[in-house]
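Every number in this text was worked out from the coordinates using simple rules, so none of it is lab data. Please read these numbers as outputs of a predicted model, since none were measured by experiment. We place every Cβ from the backbone using ideal geometry, glycine too, and count neighbours over all the protein chains shown.
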Amino acid sequence: MEGGEKPELIVNGKRLDGRDFGELRSLKIEAEVLKNADGSAYVEWGNNKIIAAVYGPKEALPKHISDPDRAIIKCRYSMAPFSSLEEHGRTGPNRRATEISKVTKEVFENVILLDRFPGSEIDIFIEVLQSDGGTRAAGITAAAVALVNAGIPMSDVPYAVSAGKVGDKIILDLNKIEDNYSDADIPIAISPRTGNVLLLQMDGSLTKEEFKQAFNMAKEAGKTISELQKSALVDPYRKLAEKYKV
Amino acid sequence: MDRIVIPGELLAERPIRSENTLVEGNMTYATVLSLFDEAKGVLIPLESVWYPKHGETVIGIIEETRLNSYNVDLNSSFKGMILSKFSETRFAQGDIVEAVVRDIDETKTVMLMHARSLYGGKIIDIKPSKIPRIIGRENTMLNQLMQGTMSSIKVGTNGRVWIKGGDASLATEAILRIQEEAHTAGLTERIKTMLESKNGNGNKV
């Protein structure tokens, strides 16, 4: 929890930005935004603006890190120095960025079919241009779209979202101020096809029942997110096919 | 129109084994963004990564010359290799070569055969999933491109197209358009119109 006075996060049964407890922020996903990358995606999630780029599979370098049985993933999450007004806005591989890079990599190790490209590496870059809480979830959602755009074989397209607790209320998709002053905050990444949980972290504390409620809320929201991920990938193709329909 | 599917989407409740599917029990799922033809059970990838297969033609660049072999860059995680004993020509670093995949060894090196140099010209990189469309059914699209632009064009399944001579800029434009519209109907006709209207001397295609 941050220092200073704790602000009132729920006013008249609504959250500070006027959302309901289980409501997502506005979400816009676009695929193939970078020409030079093998795959890319841009996500606007509330005030978060995130670009994800994917390169590879290519030869794993340096050679000693390569695995002769499977591809390896390198993931770099980074915040632009101008992405936030506060302390999050330091760029480069700081402690927090290193942690998020690691957990993101582990999410994708579970869905990418790594054994199809032995000895190679897949690079995932997540750049946060503007941040407003929940950037690791938004980054995973964007990177999943970028990976599909790169044509990398995957068993599923995962999504991520955060849930949390303010007072006795469970809320979904925390923004920065809620994130800083909430009683609990859980980013969750799920593989929608199997329902496998790929990422689960928790700040603060929840009872078992509260956790179940938060988890179900995230799973419910995941349907919307998955739908948007799919339309970001499919719509450009569908539009062109409609245009030249015979 | 065929159904556009994303990775993890259920294709059929029967096993369909192909390069881009995942079979779990009796269920088949897609692993890449692709078009699925329900009737034939065929999956055509829209985005994919090149995987070398025996007999395919590739276009590579000589990266390094060694005592009895050449290392070839194939724009992929797979490294190419030409053994001097299988090649009559000698290559230099930077040469563009057209070759056929012989086999893939246990270190994931693609052994190449029938290598020959392509002199001059330029290379453009294309998504490997769009290459079949550039070639067309029984080479129709490729022949049409070569006639319409008077260029010589070589297509490598690893996602490289080599163009030399003729109206190379028109050929590039047409190939990039094919890449963009690969999944649409009536593309051959549109490219024909485009080539006829732009090739200056009114060459019939």
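General observations
- Expressed as a fraction of 2.2 N^0.38 Å, the value expected for a compact globular protein of N residues, the C-alpha radius of gyration of the range B:122-198 is 0.95.
- Counting only whole DSSP H helices of chain B, the ones at least 18 Å long by C-alpha along their axis and with mean Kyte-Doolittle hydropathy no lower than -1.0 are B:168-181.
- The distance from the alpha carbon centre of the range B:131-193 to that of the range A:33-48 is 29 Å, rounded to a whole number.
- Entry for the range A:131-246 at q = 0.18, 0.20 Å⁻¹: log10 I(q)/I(0) = -0.89, -1.03, Debye formula applied to identical alpha-carbon scatterers, no solvent contribution.
- Dipole magnitude of the range B:122-198, debye to nearest 20 (Cβ charges: Lys/Arg +1, Asp/Glu -1, about Cα centre): 200 debye
- Pairs of C-alpha atoms in chain A farther apart than 30 Å represent 27 percent of all such pairs.
- When you work out D = kT/(6 pi eta Rh) for the range B:57-118 at 4 °C and 1.567 mPa s, using the Kirkwood radius from C-alpha pairs as Rh and the Stokes-Einstein form, the result is 117 µm²/s.
- DSSP beta bridge pairing in chain A, given as percent antiparallel to the nearest 5: 85 percent
- Within the protein assembly as shown: Cβ-based charge dipole about Cα centre, in debye rounded to nearest 20 (Lys, Arg +1; Asp, Glu -1): 1340 debye
- Helix A:95-109 axis versus longest C-alpha principal axis of chain A: approximately 60°, rounded to the nearest ten.
- For the pair the range A:226-246 and the range B:4-65, the centres of their Cα atoms are 19 angstrom apart.
- Nearest 10 degrees, 0 to 90: helix A:208-243 Cα axis against chain A principal axis: 40 degrees
- Rg(Cα) / (2.2 N^0.38 Å) computed for the protein assembly as shown, rounded to two decimals: 1.11
- Within 10 Å of each Cβ in B:181-191, the average number of Cβ atoms from other chains: 3
- Per-residue shielding of A:150-160, expressed as the average number of other chain Cβ atoms within 10 Å of the residue Cβ, stands at 6.
- Sorted by Cβ density within 10 Å, fewest first, the residues A:H64, B:H114: A:H64, B:H114
- Neighbour-count order for B:K164, A:K63, fewest beta carbons within 10 angstrom listed first: A:K63, B:K164
- Least to most buried among B:I135, A:I190, A:I10, A:I122 (fewest other Cβ within 10 Å first): A:I10, B:I135, A:I190, A:I122
- Within 10 Å of each Cβ in A:230-242, the average number of Cβ atoms from other chains: 4
- Fraction of the pair-distance distribution of chain B above 22 Å, Cα-Cα pairs, percent: 56 percent
- Helix A:135-149 and the long axis of chain A differ in direction by around 20°, with both axes built from C-alpha atoms.
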